Amino acid sequence: MSARKISFVLNRRPQETEIDDSVLLLDFLRDRGLTGAKPSCEMEVCGSCTILIDGLPFSACTTLAVEVEGRTVETIEGVARNGELHPIQEAFVERFAMQCGFCTPGMVLTAKALLESNPDPSRDDILHWMEGNICRCTGYESIVEAILSAAAKAGTGDG
Amino acid sequence: MDNKPQIVGRSIPRVDGVAKVTGAAKFAIDLSVPGMVFGAVVRSERAHAEIIDIDTRSAEQSPGVVRIITGRDLDNVVPYFGHIVLDHPILAIERTLYYGEPIALVIARSQQAATHAASQVEVEYRELPYVTDALEALKDDAPILHPQRGEVVRDLGFDAGEEGGSGNICSLASLDWGNVDSGFAAADLVIEGEFRYPMLYGYAMEPYNALAVSGEDGLTVYTTTQHPYMVRKDLARILSLPFAKVRVVVPYVGGGYGTKSYSKIEPLAAVAAQLTGLPVKVVLGVEESIHTTRSDSAIVRARSGYTAQGLLVARAFEIVLNSGAYTDNSPQVGQKAVNTCFGPYRTPALSVRMRSVFTNTVPASSLRGFGTPQGTFAGELQMDEAAERLGIDPVELRKRNLVGPGEEVIPGKRALEANLPEDLELLSKSVDWPDPGEGRASGLGLSASDSGAYPSSTALVRIHADGSASALVGATEMGQGSRTVLAQIAAQELALPMELVTIVSSDTGIGPFEQTTGASRTTTVVGRSLQAACQDARRQLRALAAEVHEVAVESVQDAPGGVLVDGTWRSFAEVIQGWFGAGGEVIGTGAIRRSGDFAETPVFWEIGAAGVIVSVDRDTGEVSVEKLATIGDVGFAINPAMVHGQDAGAALMGLGAALHEELVYEGEMLTNPNLVDYRVPRFEDLPREMDQMLVERQDGVGPYGSKGAGEGGGNAIGAAIASAIARLLGVRPRELPLTSERVWRLLQDGRIPREADDDLS
């Protein structure tokens, strides 16, 4: 085990920190109070620990903290700005797209990345893109509807 | 509801919605306290063995280790827990009964240190013969798991079969009426079959975890449980503490579905905190969670007799549950399977026998619908088979037998509230019965399950000096939306805007008692105790206003957010401040017990009505669900969008059990204790069309005529899918899950001719 100094951007703020090589990004974030990313399957299957690295979804449970050197990390805590929900978050609330809420941070981030890469996804695009995020409560339909609704609003300039 | 603002009956956004989309919502797994240490569990690597020695010397030298606890350290506590039978050791004592059972807890300064040291604990075993199959466990020469039985405590207050018995029998239950022998003798058609329902893992995404803090005021445990008061009872018994010294706090729960009913890891965390004097956090991984609780798998032998006109004359069921190493909730799961397997049909003669069986496997307990999906699978598939054999349409056959509104499902129990013939009509239309088109088939299933659990509930409502209100309840918010629904009820009763009402829940040190959060009971039972608390607060406010304004109490009336004193509106704040002079508040209390509307059980009959349209790829056996329809027969939907969500979620969970999910034992261990090999439904499994219908006849005993939801949507899915596949392929599945391989094999064994390949045309 050895420590190394890394610098990266976390939720729009530059960070410099010394971190052990073996520390998982998920533990690194949660130990700093960013508990929105959740541990669950521990093997990159469920998506509850999803964070965005350079805008794309990654599983923090299988990413080492040192791997984010020089990159931009966004967690759920960074999505709402100045107390204002992101349109995806608004759509999740409006469409009842969460129940227990444990998977929700990962869902919101994965959906945000989808709309940034494809602002007008079809239903099938959504099913395919979101395949890496599991929800046991909702039955998924309300989440699909929330993403479609957020995309539609952005498309008409309401977002 | 007079001139009150109409808050119930509307899809008001969830009160926890913003907290959940921003990551602000805290779950037990997110909590920490200063100075806390971490536990890592050492688990059995044998299915059945005497524990000869546990060598902790090397682990104790590992950096950061504080203490290691084994079964030998439990001398000063009651070392067993369980709400029906005290047979579940906190750590294995002298003998281990299943692969993966906790044997020791390593406590260290960090999780990594604890996990590392746990791998260095050496356990020496003397292996004993083991049995993982329920039918094998019933044989005379099977190894006996519990030669000495635990003390029976029966904290349920509810029918749950008879625990105990000889050999490996965990519990027995039966239900009989009429004469089945003469019934079958007189029948024009008797069909028989054996049906198998799989062993499932509920996979609540937040794994089992608990943080225990022992201090001057007693013990505080933060945990992800559904039933904080049940956990309190276990912990108080274990540590010989009065209830007042045990505080169980439940923040947001990351999924429950029954899997977080009763105590799981809390006793171990509590004992560790007691023994070390330090705050101890124990977080299980997903593989460990799978080795903590799973559902009872079932083998159901069923026999049903009909007249030529399709009327049931007799039914007989023999149910064997594989209940794992300890009792947990299996007696109640078994009782519920008994009460539901024959369906909501008029059955002149019935005989049901249930045996719940100990095996050297993960202990089984509740999972959404507990017992109902297992029995319904058998009962409903026989209704289908009978229809085919008698040449009667399966929907028509069901209609001829359905119990009508106001009729008894089980003699002596509450009569059925629901109108099932109407529900069935809606359902069959939704799935284009009988012909959904070329290459497709419809299937449907019905069930009525005895829900609501034991009706024991209390609630408090505090009307503050500024006129806002806090409602205190023991109901756990696990995603079903209890905080929102209960806030709607309180806001409705007090005629306050939602923004002025807060729900404080699931803290045994602060809030009032609640029996459980399970069996779809919260809206119905807690809703009523909260309503009563609001009415009590209202009564007190009228009395205070009369005193302040020196009028007879009869001249004070309820009004939105206040009272009318001789026609003049006075706010709650004005009344409270007027009476106290400064500060003050009014506290209303409510209680529900088995009396009045709740004298009869079940509290309500939860309707499961599910229909599907499926297609099958005959080359691969892969089943596609084109449409999945359910009926939420909920009396009155206090929040329709959330009822919709409960039904959709239950339906998809049922679909997982029907098509993919099954824990598989090979030898003494599970072959698939992880989320890659145990496959739960994902986005791409979402049926092309979902239709969650809502039926509101205001026929429940809950507030405004409501009754529960949450389990019904999933109870009949397995039966509906198997039924559709049978109609499509002409081969009758009798076992779930209907994986591609299983359907492909059915096609081969059933000698179904393959369709001509496209390229030949």
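A few notes on this one:
- Enumeration of residues in region B:201-214 that are within 12 Å of chain A (Cβ to nearest Cβ) and either over 13 Å from residue B:28 (Cβ atoms) or out of contact with any helix residue (DSSP H, G or I) (no Cβ under 6 Å at 6 or more places or on another chain) (or both): B:201, B:202, B:203, B:204, B:205
- Tally, over region B:59-84, of residues that are more than 30 Å from residue B:129 (Cα to Cα) and not β-branched (Val, Ile, Thr): 7
- Lone unmet requirement of (1) in contact with an Asp or Glu (Cβ under 7 Å, 6 or more places away or on another chain); (2) among the hydroxyl-bearing types (Ser, Thr, Tyr); (3) more than 23 Å from residue B:288 (Cβ to Cβ) for residue B:220: (1)
- Looking across region B:662-713 at every residue that is among the hydrophobic types (A, V, I, L, M, F, W, C) and within 30 Å of residue B:532 (Cα to Cα), the one that is surrounded by the fewest Cβ atoms within 10 Å (Cβ to Cβ) is identified as B:694.
- Hits in region A:110-120 (condition: among the acidic types (Asp, Glu) and assigned to a helix (DSSP H, G or I)): A:116
- If you filter region B:259-296 down to residues that are surrounded by 24 or more Cβ atoms within 10 Å (Cβ to Cβ) and of a type in the set (Gly, Ala, Ser), you find that the one that is nearest to the other protein chains (Cβ to nearest Cβ) is B:289.
- Subset of region B:25-53 (residues that are within 8 Å of chain A (Cβ to nearest Cβ), outside any helix (DSSP H, G or I) and not basic (Lys, Arg)): B:25, B:27
- Subset of region B:626-656 [away from every other protein chain (no Cβ under 12 Å) and either assigned to a loop (DSSP other than H, G, I, E, B) or buried (at least 24 other Cβ atoms within 10 Å of the Cβ) (or both)]: B:629, B:631, B:632, B:633, B:634, B:635, B:636, B:637, B:638
- Residues of region B:1-24 satisfying the condition of being within 28 Å of residue A:93 (Cα to Cα), more than 12 Å from chain A (Cβ to nearest Cβ) and either charged (D, E, K, R) or in contact with a Ser or Thr (Cβ under 8 Å, 6 or more places away or on another chain) (or both): B:4, B:10
- Selection count where residues are under 19 Å from residue B:144 (Cα atoms), assigned to a loop (DSSP other than H, G, I, E, B) and of a type outside the set (Val, Ile, Thr), scope region B:79-99: 6
- Being away from chain A (no Cβ under 14 Å), among the small types (Gly, Ala, Ser) and more than 30 Å from residue A:34 (Cβ to Cβ) holds for only one residue in B:134, B:117, and it is B:134.
- Among the residues of region B:484-510, the one identified as of a type in the set (D, E, K, R) and buried (at least 24 other Cβ atoms within 10 Å of the Cβ) is B:493.
- Candidates A:37, A:97, A:60, A:65, filtered to the one that is within 21 Å of residue B:253 (Cβ to Cβ) and outside the structural domain of residue A:132 (by TED's automatic domain parsing): A:37
- In region A:90-104, of all residues being assigned to a helix (DSSP H, G or I) and of a type outside the set (A, V, I, L, M, F, W, C), the one that is surrounded by the fewest Cβ atoms within 10 Å (Cβ to Cβ) corresponds to A:94.
- Taking the conditions (1) modelled with pLDDT of 95 or more; (2) in contact with a strand residue (DSSP E or B) (Cβ under 6 Å, 6 or more places away or on another chain) in turn, residue B:698 satisfies each one other than (2).
- Residues that are among the acidic types (Asp, Glu) and either touching a Pro at 6+ places or on another chain (Cβ under 7 Å) or within 11 Å of another protein chain (Cβ to nearest Cβ) (or both), drawn from region A:73-124: A:77, A:84, A:90, A:94, A:124
- Failed criterion for residue A:107 (all others in (1) assigned to a loop (DSSP other than H, G, I, E, B); (2) of a type outside the set (S, T, N, Q); (3) in contact (Cβ under 8 Å) with a residue 60 or more places away in the chain hold): (1)
- Any pair with Cβ under 6 angstrom, 6 or more apart, that starts in region B:40-58 at a residue that is at pLDDT 95 or above and ends at one that is of a type in the set (S, T, N, Q) and surrounded by fewer than 24 Cβ atoms within 10 Å (Cβ to Cβ): B:40/B:115; B:54/B:70; B:58/B:120
- Qualifying residue in region B:607-618 (condition: in contact with an Asp or Glu (Cβ under 8 Å, 6 or more places away or on another chain) and more than 30 Å from residue B:395 (Cβ to Cβ)): no
- Every residue from region B:575-618 that is touching a Pro at 6+ places or on another chain (Cβ under 7 Å), assigned to a loop (DSSP other than H, G, I, E, B) and either at pLDDT below 95 or surrounded by fewer than 24 Cβ atoms within 10 Å (Cβ to Cβ) (or both): B:593, B:594
The values are calculated or read from the model by the stated rules, or taken from the named source; none is laboratory data. Values in this document were obtained by computation on a predicted structure and should not be read as measured data. Here Cβ is always computed from backbone atoms with ideal geometry, including for glycine, and neighbour counts include all displayed protein chains.
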